[in-house]
Amino acid sequence: MQDALAQERQLKPALFRGWRRRCPRCGQGPLFSGFLKLREDCPVCRLDYSQARADDGPAYLTILIVGHIMAPMLHVVFVSFRPDPLVLFTIFAVGCVGLSLYLLPRLKGAIVAFQWSRYMHGFGEEA
(Lines give C-alpha, C1' and ligand atoms only; values in the text may rest on other atoms or scores of the structure.)
Protein backbone atom coordinates (compact mmCIF):
# COMPACT_ATOMS: atom_id res chain seq x y z
CA MET A 1 0.00 0.00 0.00
CA GLN A 2 2.92 2.33 0.69
CA ASP A 3 4.13 1.94 -2.89
CA ALA A 4 0.74 3.08 -4.20
CA LEU A 5 0.80 6.15 -1.94
CA ALA A 6 4.37 7.00 -2.94
CA GLN A 7 3.56 6.95 -6.65
CA GLU A 8 2.85 10.17 -8.44
CA ARG A 9 -0.85 10.59 -9.10
CA GLN A 10 -1.43 10.63 -12.85
CA LEU A 11 -3.48 13.59 -14.07
CA LYS A 12 -4.99 12.20 -17.30
CA PRO A 13 -6.44 8.98 -15.84
CA ALA A 14 -7.79 10.91 -12.86
CA LEU A 15 -9.46 13.51 -15.09
CA PHE A 16 -10.95 10.77 -17.26
CA ARG A 17 -12.34 8.99 -14.19
CA GLY A 18 -13.73 12.26 -12.85
CA TRP A 19 -15.32 13.02 -16.23
CA ARG A 20 -17.05 9.63 -16.02
CA ARG A 21 -18.25 10.63 -12.50
CA ARG A 22 -16.18 7.91 -10.86
CA CYS A 23 -13.68 7.94 -8.00
CA PRO A 24 -10.43 9.56 -9.19
CA ARG A 25 -8.30 7.02 -7.31
CA CYS A 26 -9.91 3.65 -8.11
CA GLY A 27 -12.25 4.52 -10.98
CA GLN A 28 -14.87 2.09 -9.67
CA GLY A 29 -16.92 3.86 -7.02
CA PRO A 30 -19.46 6.56 -7.90
CA LEU A 31 -18.38 10.11 -7.11
CA PHE A 32 -21.87 11.54 -6.57
CA SER A 33 -24.81 10.50 -4.44
CA GLY A 34 -27.17 12.77 -6.41
CA PHE A 35 -26.91 14.94 -9.50
CA LEU A 36 -24.16 17.18 -8.05
CA LYS A 37 -23.90 16.05 -4.40
CA LEU A 38 -20.53 14.48 -3.63
CA ARG A 39 -20.47 11.34 -1.52
CA GLU A 40 -18.71 11.41 1.84
CA ASP A 41 -16.25 8.78 0.62
CA CYS A 42 -15.75 6.21 -2.11
CA PRO A 43 -17.65 2.98 -1.36
CA VAL A 44 -14.88 0.93 -3.02
CA CYS A 45 -11.51 2.42 -1.96
CA ARG A 46 -12.73 4.68 0.89
CA LEU A 47 -11.18 7.87 -0.49
CA ASP A 48 -12.55 10.75 1.60
CA TYR A 49 -14.27 13.39 -0.56
CA SER A 50 -15.24 15.68 2.32
CA GLN A 51 -12.36 18.10 1.64
CA ALA A 52 -13.13 18.54 -2.08
CA ARG A 53 -13.92 22.15 -3.01
CA ALA A 54 -15.30 22.52 -6.51
CA ASP A 55 -17.23 25.75 -5.65
CA ASP A 56 -18.14 27.75 -8.78
CA GLY A 57 -15.57 26.18 -11.10
CA PRO A 58 -17.90 23.67 -12.79
CA ALA A 59 -20.60 26.30 -13.37
CA TYR A 60 -18.08 28.76 -14.81
CA LEU A 61 -16.59 26.16 -17.16
CA THR A 62 -20.05 24.99 -18.21
CA ILE A 63 -21.11 28.52 -19.11
CA LEU A 64 -17.82 29.07 -20.95
CA ILE A 65 -18.09 25.89 -23.02
CA VAL A 66 -21.83 26.15 -23.74
CA GLY A 67 -21.45 29.80 -24.74
CA HIS A 68 -18.55 29.07 -27.07
CA ILE A 69 -20.44 26.24 -28.75
CA MET A 70 -23.92 27.72 -28.97
CA ALA A 71 -23.15 31.36 -29.88
CA PRO A 72 -21.45 30.57 -33.21
CA MET A 73 -24.11 27.97 -33.98
CA LEU A 74 -26.84 30.52 -33.28
CA HIS A 75 -25.19 32.98 -35.66
CA VAL A 76 -24.76 30.41 -38.44
CA VAL A 77 -28.33 29.14 -38.13
CA PHE A 78 -29.78 32.64 -38.06
CA VAL A 79 -27.78 33.88 -41.06
CA SER A 80 -28.22 30.72 -43.13
CA PHE A 81 -31.82 29.74 -42.49
CA ARG A 82 -33.62 32.77 -40.95
CA PRO A 83 -36.06 30.70 -38.83
CA ASP A 84 -38.89 32.30 -36.88
CA PRO A 85 -37.65 33.83 -33.62
CA LEU A 86 -39.77 31.50 -31.49
CA VAL A 87 -38.42 28.42 -33.30
CA LEU A 88 -34.85 29.69 -32.98
CA PHE A 89 -35.32 30.44 -29.28
CA THR A 90 -36.92 27.06 -28.57
CA ILE A 91 -34.23 25.04 -30.31
CA PHE A 92 -31.33 26.89 -28.74
CA ALA A 93 -32.90 27.10 -25.29
CA VAL A 94 -33.36 23.33 -25.24
CA GLY A 95 -29.84 22.86 -26.61
CA CYS A 96 -28.28 25.14 -23.99
CA VAL A 97 -30.14 23.51 -21.11
CA GLY A 98 -29.40 20.00 -22.36
CA LEU A 99 -25.71 20.67 -22.90
CA SER A 100 -25.44 22.39 -19.52
CA LEU A 101 -27.07 19.47 -17.72
CA TYR A 102 -24.73 17.07 -19.51
CA LEU A 103 -21.54 19.03 -18.79
CA LEU A 104 -22.08 20.24 -15.22
CA PRO A 105 -21.64 16.95 -13.28
CA ARG A 106 -18.83 15.82 -15.57
CA LEU A 107 -16.89 19.03 -15.10
CA LYS A 108 -17.43 18.88 -11.34
CA GLY A 109 -16.06 15.33 -11.36
CA ALA A 110 -13.06 16.46 -13.39
CA ILE A 111 -12.36 19.33 -10.99
CA VAL A 112 -12.52 17.02 -7.96
CA ALA A 113 -10.22 14.58 -9.79
CA PHE A 114 -7.80 17.43 -10.58
CA GLN A 115 -7.73 18.38 -6.91
CA TRP A 116 -7.06 14.78 -5.94
CA SER A 117 -4.25 14.36 -8.49
CA ARG A 118 -2.54 17.56 -7.30
CA TYR A 119 -2.94 16.86 -3.55
CA MET A 120 -5.16 19.92 -3.10
CA HIS A 121 -7.71 20.63 -0.32
CA GLY A 122 -6.90 17.77 2.03
CA PHE A 123 -6.36 15.05 -0.58
CA GLY A 124 -2.70 14.82 0.44
CA GLU A 125 -3.32 13.51 3.96
CA GLU A 126 -4.14 9.87 3.37
CA ALA A 127 -3.78 7.19 5.98
Quick one: would you say A54 is closer than 30 Å to G124 by Cβ, modelled with pLDDT under 95, in contact with a helix residue (DSSP H, G or I) (Cβ under 8 Å, 6 or more places away or on another chain) and surrounded by 12 or more Cβ atoms within 10 Å (Cβ to Cβ)? yes
Residues to consider are A93, A59, A110, A54; find the one that is aliphatic (A, V, I, L, M) and touching a Gly at 6+ places or on another chain (Cβ under 6 Å). A110
Give all pairs with beta carbons closer than 7 Å in which a residue from the range 110-123 that is in contact (Cβ under 8 Å) with a residue 40 or more places away in the chain meets a residue that is of a type in the set (D, E, K, R) and buried (at least 21 other Cβ atoms within 10 Å of the Cβ); count only pairs at least 6 apart in sequence or on separate chains. A113/R17; W116/R25
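The values are calculated or read from the model by the stated rules, or taken from the named source; none is laboratory data. Worth saying up front: this structure is predicted, and the values here are computed from it rather than measured. All Cβ positions, even for glycine, are placed from backbone atoms using ideal geometry, and neighbour counts span all protein chains on display.
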